[in-house]
Amino acid sequence: MEPNRCSWSTKDQLYKDYHDTEWGVPLHDDTRLFEMINLEGAQAGLSWYTVLTKRENYRKAFDNWDAKKISKYTDKKIESLMADAGIIRNRLKINGTVLNAKAFLEVQKEFGSFDKYIWSFVGGKPIVNHFKSLSEIPAKTPISDAMSKDLLKRGFKFVGSTICYAFMQATGMVDDHVADCWRRKKK
């Protein structure tokens, strides 16, 4: 028998696996955090499912999210990414990823790690919400507003407040599993 899950995650096994093993789990690895902030930005205007189905292609196309390599992408590399059907071929988003790599490296230099910087917005520990249904979950919060504002000031692209909140959920900075979800009951 299938356990109760947050209703957004029941589309297919890919979504179930993502929900059951990743979404809402605190993430502290800089490379994975860099991946997630860029994938959330790639999702803008699209569904998360679209991005999730292309995640492995993104890893290959973007050198396993090596920010140092990405920060040095040339116009030729960007053109090759524009021709890659395995990713979302949006020039603004691809260029944004290159700019994000440069900004990411600056944040690492300033704070010692991106993890230390990004988790400071939630005081270093997850915010655990107690929503009963998806309709109660906000699209953004004052914290995601502040995160967005600071990331934009630092040169990041595709980091609006709604994207930042989705990033916070995906990386476990916020736990929004609903009350009857097995992940909530487990905690």
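The values are calculated or read from the model by the stated rules, or taken from the named source; none is laboratory data. It should be emphasised that the depicted structure is a prediction, and the values quoted were computed from it without experimental measurement. All Cβ positions, even for glycine, are placed from backbone atoms using ideal geometry, and neighbour counts span all protein chains on display. What goes into the accessible areas is simple: the full protein's heavy atoms, side chains included, and nothing from ligands, DNA or RNA. Shrake-Rupley method; radii C 1.70, N 1.55, O 1.52, S 1.80 Å.
Okay, here's what the table says:
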item	result
Single match in LEU105, LEU81 (criterion: under 18 Å from the mean Cα position of the chain (by Cα), at pLDDT 95 or above and surrounded by 14 or more Cβ atoms within 10 Å (Cβ to Cβ))	LEU105
Hey, PRO3 part of a loop (DSSP other than H, G, I, E, B) and in contact with a Pro (Cβ under 8 Å, 6 or more places away or on another chain) or not	no
Pairs where the first residue, in segment 77-102, is under 22 Å from LEU152 (Cα atoms) and the second is among the hydroxyl-bearing types (Ser, Thr, Tyr) and not in a helix (DSSP H, G or I), C-beta under 6 Å, 6+ apart	VAL98/TYR73; ALA101/SER71; LYS102/SER71
Lone unmet requirement of (1) open to solvent by 70 Å² or more (accessible area, probe 1.4 Å); (2) under 16 Å from the mean Cα position of the chain (by Cα) for LYS69	(2)
Residue, surrounded by the fewest Cβ atoms within 10 Å (Cβ to Cβ), within segment 133-150, restricted to residues that are at pLDDT 95 or above and in a loop (DSSP other than H, G, I, E, B)	ALA139
Within segment 21-112, helices (runs of 4 or more DSSP H) holding 3 or more residues that are closer than 23 Å to VAL174 by Cβ	30-42, 48-53, 91-111
Scope segment 156-182; condition open to solvent by less than 20 Å² (accessible area, probe 1.4 Å) and outside any helix (DSSP H, G or I); matching residues	PHE156, VAL159, THR171, GLY172, MET173, VAL174, ASP175, ASP176, HIS177, VAL178, CYS181
Residues of segment 116-132 that turn out to be over 14 Å from GLN169 (Cβ atoms) and open to solvent by 30 Å² or more (accessible area, probe 1.4 Å), as a count	7
First in segment 15-31 and closer than 11 Å to TRP119 by Cα, second anywhere and at pLDDT 95 or above and open to solvent by 70 Å² or more (accessible area, probe 1.4 Å), Cβ under 9 Å, 6 or more apart	PRO26/LYS125
One residue from GLU2, GLU22, GLU35, GLU40 being under 20 Å from TRP182 (Cβ atoms) and within 12 Å of the chain's Cα centre (by Cα)	GLU22
Condition met for ARG59 (open to solvent by 30 Å² or more (accessible area, probe 1.4 Å), at pLDDT 95 or above and farther than 22 Å from LEU27 by Cβ)	no
Answer from GLY112, GLY123, GLY155 - the residue that is closer than 30 Å to ARG183 by Cα and small (Gly, Ala, Ser)	GLY123
Matching option when the condition is open to solvent by less than 10 Å² (accessible area, probe 1.4 Å) and either out of contact with any His (no Cβ under 9 Å at 6 or more places or on another chain) or not basic (Lys, Arg) (or both), among GLY45, GLY24	GLY24
